[in-house]
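Colleague: Quick one: the structure is below, and I'll ask about it shortly.
The values are calculated or read from the model by the stated rules, or taken from the named source; none is laboratory data. Here the structure is a predicted model, which means the values were calculated and not measured. Backbone-built Cβ (ideal geometry, glycine too); neighbour counts: all protein chains shown.
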Amino acid sequence: MRETILSNNEKSFVEKSILEGLRVDKRNLNEFRNLGLFFGQDVGSVICTLGATKVFAQVSCELSSPRTSRPNEGTIFINVEMGPMAAPHLEVGFPLSDSCIQINRILERTLRESRCVDLESLCIIAEEKVWNLRVDIAVLNHEGNVMDCSCIAAVAALAHFKRPDVTTTGDGEFIIHSPAEKDLVPIVLHHYPICVTYALFDDGKIPVADPTALEERVSEASLVLAVNSYKELCCMNLTGVSLTSPHLILRCSEMAAERSRRIVEFIKSILEEDEAQRAKGNLPKGFAESIALSNLPSNFHNEEIVEKIEQPEIVGIAESSSHGETSDDEVKIIDDNTVTSGKWIEVTSEDEDSSSDEEMPEQTNTRTSQDAPKTEKKLHSNESSEEEKTIVLK
Amino acid sequence: MAACVGNSCIPGETLQEERQESSDIRKVVLGDGLRCNIVASSEEHSLPVITKNGILRRRKPNIYYVDSYQKRYIPSKNDSVIGIVTTKTLDFFWVDINASEPAALSYLAFEGATKKNRPEINVGDLVFCKVVLAHPDLEPELVCVDSTGKKGNLGQLNDGIMFSCSINLVRKVLNEKCRLLHLLSKETPFELVAGINGRIWVNSNSLRKTILLRDTILKAEHTPYEEMSNIVNDFATELTGIP
């Protein structure tokens with residue numbers, strides 16, 4: 001089915017209202033829709049909702065041989081599917097639609113090329129056996145900003161996922177333990193890169209956060225920024241035709257950094273909750289809660305749009321390097337069990353309204369500087385990555 | 001299987017309770033979701049068969065139809081619809097009316113239009129028109145004039161915003177029992193066009209008000225008739241301060 005043509009009335013209405021600082025769904029220009037995260041019974045299965053947009057992500061792993069260029073690293077594969085279930089005009093199967101390929105590619109740049117997953121810890125025997133992670137993303141409903149939603153879903157799924165533990169024995173064999181024998185091992189994530197999308201209007205002067213499907217169609221260009229909670233820019237993508245200024249990109253990246261910090265906090269809090277529930281033996285009962293929440297957009301906030309954000313500057317290049325251990329022993333697969341599951345956690349959506357946006361500038365400075373080292377220590381305990389270069393925005 | 005009025009029904013069930021209440025009525029009108037197969041040899045009718053899922057309804061004296069949640073529009077004659085012009089050809093505008101096929105709108109089907117004096121409508125414009133031909137094997141045909149050649153309320157829609165919704169919402173808004181539009185009009189002046197093909201167009205003197213109107217109308221989908229005054233009150237409180 002072809003996509004319904006965009007009427008001139010809708011187009012001009014959206015453009016005019018954006019110029020007045022209004023949006024069709026009553027949000028502010030800088031306001032995001034409600035975010036919801038729901039974990040399934042299996043580890044690594046997540047539904048993420050952003051307003052009416054809904055994305056399902058599932059992480060799985062299998063043993064395979066490593067690439068010859070990187071013999072002591074596991075691999076990560078990302079697959080995005082957008083079919084007619086997401087929106088009737090989307091086609092299923094090959095050739096993949098342009099938007100699907102674009103989302104896939106941006107996610108690859110965000111997750112793989114930012115090296116947020118510690119691939120060396122996925123190595124069992126160098127040059128022979130590594131874990132191959134696969135992130136399957138299915139867009140269930142396309143109501144705009146599928147990019148952010150699938151990125152959050154993918155990151156949350158990776159953080160939630162656990163692989164079976166492996167022991168290497170001296171004689172060059174390895175044992176894969178079933179969950180009953182040994183607890184599952186979480187994937188090591190150095191940082192959580194979060195995509196934040198802005199649609200650009202008025203010759204690239206006005207960025208609009210979290211665009212809906214209608215706004216995406218009307219906008220001139222879209223700017224995707226992937227930032228982690230340490231304010232490191234992991235990926236940037238600008239599509240469309242629009243004049244834009246470095247000024248605007250820096251301002252957007254500052255706002256994106258704040259948004260990303262909050263989402264990472266949100267993901268972590270929900271992961272903890274899920275962990276606690278699973279420990280008690282309460283398994284999630286499916287994704288029923290995610291359905292109940294998807295309703296009409298609401299909440300009209302009259303607060304003024306937060307526009308004044310200090311100019312960010314590129315301060316320097318951070319380099320981090322550490323050494324990891326790799327096991328060179330040989331292995332034998334003993335058990336290849338499926339994963340048992342824990343508990344279901346229900347998440348109420350986080351408020352991303354502008355009332356809290358106003359505290360943004362101070363919070364950014366105090367909070368991140370304190371929190372970052374703490375979490376970093378925890379995350380980097382198993383770390384074994386090569387040098388990574390990242391731009392730090394301050 | 002026999003379907004009862006007021007209960008849910010599925011395709012294949014038959015309608016059996018006809019003509020019991022009033023014997024003087026000879027005709028039964030079958031509406032949406034019901035079909036009567038005529039057996040050619042004997043001039044008898046088979047029992048009406050239900051063709052879609054929903055709730056079987058009856059309107060007095062003898063109209064039967066199936067009420068179901070629907071987003072896709074099936075053209076039928078005399079419906080008022082909102083269309084988007086998708087292409088212009090020599091004699092016709094081709095208009096998207098949310099149906100399976102684009103509908104044809106002749107250049108001459110406008111008030112005062114002649115071969116030389118063509119209406120100024122571009123691709124992407126909205127038109128409010130009536131369906132004059134709805135045959136399963138032909139493209140639907142639209143007009144923007146009534147039988148006397150006057151345009152009435154029909155024609156191009158300028159400014160404002162058009163939004164898509166379920167066909168049930170449009171029916172609900174247009175229903176006499178639903179006092180939503182009546183209550184809204186007491187609060188503020190606005191223009192509204194409801195196309196039965198699942199599209200509503202609203203316009204008012206300020207953008208913010210139009211946005212609020214759109215939101216209130218969409219909220220009505222999940223609001224029972226008695227509670228319409230609540231959402232209108234919410235609308236009124238949000239409206240204060242807007243010129």
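Colleague: Mind listing just one residue for me: the one in segment B:150-205 that is charged (D, E, K, R) and within 14 Å of another protein chain (Cβ to nearest Cβ) and, of those, farthest from residue B:230 (Cα to Cα)?
Modeller: Applying the first criterion (charged (D, E, K, R)) to segment B:150-205 yields B:150-151, B:159, B:171-172, B:176-177, B:179, B:186-187, B:191, B:199.
Still in the list and also within 14 Å of another protein chain (Cβ to nearest Cβ): B:159, B:191, B:199.
Numbers: B:159: 29, B:191: 21, B:199: 24 Å.
Of everything passing the filter in segment B:150-205, B:159 is farthest from residue B:230 (Cα to Cα).
Colleague: While we're looking at this one, here's another question. Taking segment B:1-22 on its own, how many of its residues are at pLDDT below 65 and surrounded by fewer than 13 Cβ atoms within 10 Å (Cβ to Cβ)? If you could, list the steps in order and put the result at the bottom.
Modeller: First pass over segment B:1-22, keeping only residues at pLDDT below 65: B:17-22.
Next, from what is left, pick out any that are surrounded by fewer than 13 Cβ atoms within 10 Å (Cβ to Cβ): B:19-22.
Adding up the residues that qualify gives 4.
Colleague: Further question: Checking the condition within 14 Å of residue A:3 (Cα to Cα) and of a type outside the set (S, T, N, Q), which residue from A:126, A:86 passes?
Modeller: Numbers: A:126 fails: within 14 Å of residue A:3 (Cα to Cα).
After applying the criteria, what remains is A:86.
For (1) more than 14 Å from chain A (Cβ to nearest Cβ); (2) among the acidic types (Asp, Glu); (3) surrounded by 17 or more Cβ atoms within 10 Å (Cβ to Cβ), each residue gets a yes or a no:
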{"residue": "B:72", "(1), (2), (3)": "no, no, no"}
{"residue": "B:85", "(1), (2), (3)": "no, no, yes"}
{"residue": "B:99", "(1), (2), (3)": "no, no, yes"}
{"residue": "B:119", "(1), (2), (3)": "yes, no, yes"}
{"residue": "B:124", "(1), (2), (3)": "no, no, no"}
{"residue": "B:133", "(1), (2), (3)": "yes, no, no"}
{"residue": "B:136", "(1), (2), (3)": "yes, no, no"}
{"residue": "B:146", "(1), (2), (3)": "yes, yes, no"}
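Colleague: For residue A:204, are the conditions met, namely being farther than 19 Å from residue A:267 by Cβ and either buried (at least 18 other Cβ atoms within 10 Å of the Cβ) or within 12 Å of the chain's Cα centre (by Cα) (or both)? Let's see the steps before the verdict.
Modeller: Details: farther than 19 Å from residue A:267 by Cβ: yes; either buried (at least 18 other Cβ atoms within 10 Å of the Cβ) or within 12 Å of the chain's Cα centre (by Cα) (or both): yes.
It is true that residue A:204 is farther than 19 Å from residue A:267 by Cβ and either buried (at least 18 other Cβ atoms within 10 Å of the Cβ) or within 12 Å of the chain's Cα centre (by Cα) (or both).
Colleague: Can you tell me which residue is surrounded by the fewest Cβ atoms within 10 Å (Cβ to Cβ) among those in segment B:211-229 that are within 14 Å of chain A (Cβ to nearest Cβ) and either more than 14 Å from residue A:24 (Cβ to Cβ) or in contact with a Pro (Cβ under 8 Å, 6 or more places away or on another chain) (or both)?
Modeller: Within segment B:211-229, the match that is surrounded by the fewest Cβ atoms within 10 Å (Cβ to Cβ) is B:222.
Colleague: Name the one entry in A:197, A:212 that is within 15 Å of residue A:253 (Cβ to Cβ) and either surrounded by 22 or more Cβ atoms within 10 Å (Cβ to Cβ) or aromatic (Phe, Trp, Tyr) (or both). Lay out the reasoning, then the answer.
Modeller: Working: A:212 fails: within 15 Å of residue A:253 (Cβ to Cβ).
Just one listed residue meets the conditions, A:197.
Colleague: Right, here's the next one. Out of all the residues in segment A:56-76, is one or more within 24 Å of the chain's Cα centre (by Cα) and within 14 Å of another protein chain (Cβ to nearest Cβ)? It would help to see each step written out before you state the result.
Modeller: Here is the first cut: in segment A:56-76, the ones within 24 Å of the chain's Cα centre (by Cα) are A:56-62, A:73-76.
Right, trim to within 14 Å of another protein chain (Cβ to nearest Cβ) and you get none.
No, because not a single residue in segment A:56-76 is within 24 Å of the chain's Cα centre (by Cα) and within 14 Å of another protein chain (Cβ to nearest Cβ).
Colleague: For the structure I just gave you, tell me whether residue B:208 is crowded, with 21+ Cβ neighbours inside 10 Å, among the basic types (Lys, Arg), within 10 Å of chain A (Cβ to nearest Cβ) and under 21 Å from residue A:9 (Cβ atoms). Talk me through it step by step, then tell me what you get.
Modeller: Numbers: crowded, with 21+ Cβ neighbours inside 10 Å: no; among the basic types (Lys, Arg): yes; within 10 Å of chain A (Cβ to nearest Cβ): yes; under 21 Å from residue A:9 (Cβ atoms): yes.
No; evaluated as a whole, the condition is false for this residue.
Colleague: A follow-up question, please. Kindly indicate which of A:159, A:138, A:180 is surrounded by fewer than 24 Cβ atoms within 10 Å (Cβ to Cβ) and assigned to a loop (DSSP other than H, G, I, E, B). So that I can check it myself, show each step before the final result.
Modeller: Numbers: A:159 fails: assigned to a loop (DSSP other than H, G, I, E, B); A:138 fails: assigned to a loop (DSSP other than H, G, I, E, B).
The conditions single out A:180.
Colleague: Considering only segment B:63-144, give the strands (runs of 3 or more DSSP E) lying wholly within it that have at least 2 residues that are modelled with pLDDT of 90 or more, over 30 Å from residue B:6 (Cα atoms) and under 15 Å from the mean Cα position of the chain (by Cα). Explain how you work it out, then say what you get.
Modeller: Values: elements: B:63-67, B:80-88, B:92-96, B:103-106, B:126-133, B:141-143.
Output list reads B:80-88, B:126-133.
Colleague: Further question on the same structure: Do the conditions hold for residue A:2, that is, is it closer than 26 Å to residue B:165 by Cβ, crowded, with 23+ Cβ neighbours inside 10 Å and not polar (S, T, N, Q)?
Modeller: Details: closer than 26 Å to residue B:165 by Cβ: yes; crowded, with 23+ Cβ neighbours inside 10 Å: no; not polar (S, T, N, Q): yes.
No.
Colleague: Next up: When you scan segment A:1-22, how many residues do you find that are in a loop (DSSP other than H, G, I, E, B), facing chain B (nearest Cβ under 7 Å) and over 15 Å from residue A:213 (Cα atoms)?
Modeller: 2
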